[in-house]
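Worksheet: the structure to be examined is printed underneath.
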Amino acid sequence: MIRVGANTDKQRETRSVVHGTVYHQQEILIAAASSAIGVPGARRVDPYAVLPYNGPPCKKYMTCKGKGPVPVLEPKKPLVEIRNVSFHRGERTIFEDLNLTIARGKITTIMGGSGIGKTTLLNLIGGRLAPDRGNVIVEGLDVVTLRRHALYRLRRRMGMLFQSGALFTDLSVFENVAFPLREHTALPERMIRLLVLMKLELVGLRGARELLPNELSGGMARRAALARAIVLDPIVVMYDEPFAGLDPISMGVIVRLIRDLNDTLGMTSIIVTHDVAEACSISDYMYLLGDGHVLSEGTPEDIRKSDMPSVRQFVGGLPDGPVSYHYPAADYFEDLRGPGG
Amino acid sequence: MNQIQRLGRATIDTLERLGRATLFLLRVLRATRTLTGRFRLVVQQVYSVGVMTLVIVLVSGLFVGFVLGLQGYNTLVRYGAESSLGLLVALSLTRELGPVVTALLFAGRAGSALAAEIGLMKTTEQLAGMEMMAVDPMERIVAPRFVAGVIAMPLLAAIFSVVGVFGGYLVGVGLMGVDGGLFWSQMRSGVGIYNDVLGGVVKSVVFGVIVTWIAVFEGYDAQPTAEGVGRATTRTVVTSSLAVLGLDFIMTALMMRGL
């Protein structure tokens, strides 16, 4: 399962057989480190696939609370499936019979105007919200029906980059990135330091590890949050408006980072955004949402070439089209005249 | 909407909120089970909450003791009972003023800070981020703060009472000329461990639970906006102060019946 690092005689001596698979702690750590920094030929290592989900071996290095269905890697199946999902906020319909799938290992972008429920969709995938109807399948598990422990176990394999970064303001950059490791593993401090520094190096913030979040610029904060989101080597990372409010340089860095991380670490990426140009430059597949369902889907090229008026309006940034620029209101001139005018 | 409808709506809203707060308390209590493995968080919070409130408790305790000494002396001297000043000061502090004033100060200083901190964590998506990292904010954020508040309150009340007695001594003995030996001996013979000191400890624990519960609930339940956090902070101080005063009356009545 893991074949990274030199197989010296000494290492072989200290290996142990667990469930018929030969493991060596050093191997796991080297493999995790190698996959994190993208060593050529290194196989991707998911510590949770190796340790907690196979039963006993998690005792020493990983916390393994609760019982529940175990996610099984099925490479051919989509990672996320949204099936006939309906979701309402009070009287307002956010989604009505929404169907979409997120392919494994790809960057999929969900686009749409402000307030159409893009972030809500991420919250549904992450199990923070429950749909009124329908199923949200992640890694073969229906998030809606999962019990708390099973849901939390699944979330350990998901990363999320919030629009605000959501860094803990009382912790340094280093401690922010180390937080999931400290909470979910019992790795020695030396190993935590190694993993955190590698993730920070990936996002270019190794030198900023002692800074507090209030000392970071918007782009730096988002990169630090990204390092934290990937520190447990998740199978999927969800990005909530990763390009919003960034200067062109920071935006370029983030775009490149998302692509590199996705390809190097073999993750699946879900991006929620309304920045058309950046989304088209980075995505493998795109969905355009509107009126509670999918308006259009396809590769960036398909979206660009679409003849659908709503798609053309969104991609071209046109004020006139199926989506009204103005909030529903009374006649403009009548309104200006006022009552009795 | 007429007055009766408004009253009905307000009553339903209040009951609904009380129900949510009760369910929240049950969740917090359930989450405290996980603190055995992370007691370091509780110690950090006790330190944070305690240090936050310590200075104001020390200063207030001292001045309350001064005033008790002055007022007590002026009243007792009319009846030639100024030797009982130590007893009066100590009973006032251990039974009532220690727990109640400390709880009010605690609500104003630590309670408001707790509500604002948790409310801001919610506003800046830190709690949501924690949830998405498979870390329950109830276990990691709320429960340690709740337990810390319950632990810190009796300690602060005890410090308040001790400093208050010392303040009363300074004024009574140092300024008014009451005999020091009488001051202490009257106190020692008149203050009961169970009826007075323990009663005060029970009160301060109950106040600790109430104030911290209200603070963490208001913070967690706050609207994730600047205005929402501000409102949660204000409501924490107002609600917990009123709750402390109301509960003090009820507990005092119950304790008096038991005497």
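Do any trypsin sites (Lys or Arg not before Pro) in the range B:185-253 lie in a DSSP loop with no more than 14 other beta carbon atoms within 10 Å, and if so, which?
Loop-located and lightly packed - none at all.
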At a Förster distance of 56 Å, what's the computed FRET efficiency of B:T22 paired with A:K305, Cβ-Cβ distance as r, to 0.05?
0.45
How shielded is A:225-238 by partner chains, expressed as the average number of their Cβ atoms within 10 Å of its Cβ atoms?
1
Please express the shape of the range B:164-259 as an equivalent ellipsoid: the semi-axes are the square roots of 5 times the eigenvalues of the C-alpha gyration tensor, given largest first in whole angstrom.
38, 19, 9
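Take every DSSP beta bridge with both residues inside the protein assembly as shown and express the antiparallel ones as a percent of the total, to the nearest 5.
Restricted to the protein assembly as shown, the bridges split so that about 55 percent are antiparallel.
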Binned at 10 Å from zero, the C-alpha pair distances of the range B:38-258 give percents of 9, 30, 29, 18, 9, 4, 1
Taking each residue in B:129-142, count the Cβ atoms of any other chain within 10 Å of its Cβ, then average. What number comes out?
6
For the protein assembly as shown, report the translational diffusion coefficient in µm²/s to the nearest whole number, using Stokes-Einstein at 20 °C, 1.002 mPa s, and a Kirkwood Rh over Cα pairs.
76 µm²/s
Using R₀ = 22 Å, calculate the FRET efficiency as 1/(1 + (r/R₀)^6) where r is the Cβ-Cβ separation of B:L254 and B:L29; round to 0.05.
0.45
Give a residue-ordered list of calculated ³J(HN,Hα) values for the range B:109-125 (Karplus: 6.51 cos²θ - 1.76 cosθ + 1.60, θ = phi - 60°; whole Hz; x for Gly, Pro).
9, 7, x, 5, 5, 4, 4, 5, 5, 5, x, 5, 4, 5, 4, 8, 6
Using amide H atoms built in the peptide plane, which far-off residues or other-chain residues are under 5 Å from A:S296 H to H?
A:L288
Could the peptides A:154-161, A:190-197 be put in order, highest first, of the mean number of other beta-carbon atoms found within 10 Å of their residues?
A:154-161, A:190-197
Hydrodynamic radius by Kirkwood, which averages 1/r over all alpha carbon pairs of the range B:111-209, in angstrom
16.8 Å
Principal axis dimensions, the range A:80-294 - Cα atoms, whole angstrom, descending:
48, 40, 31
Peptides A:218-228, B:31-41 ordered by average Cβ neighbours within 10 Å, highest first
A:218-228, B:31-41
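Just so you know, all these numbers are worked out from the coordinates, no wet-lab data involved. This one's a predicted model, so the numbers in the text were calculated from it and none came from an experiment. Quick reminder, even Gly has a Cβ in these numbers, built from the backbone with ideal geometry, and neighbours come from all protein chains shown.
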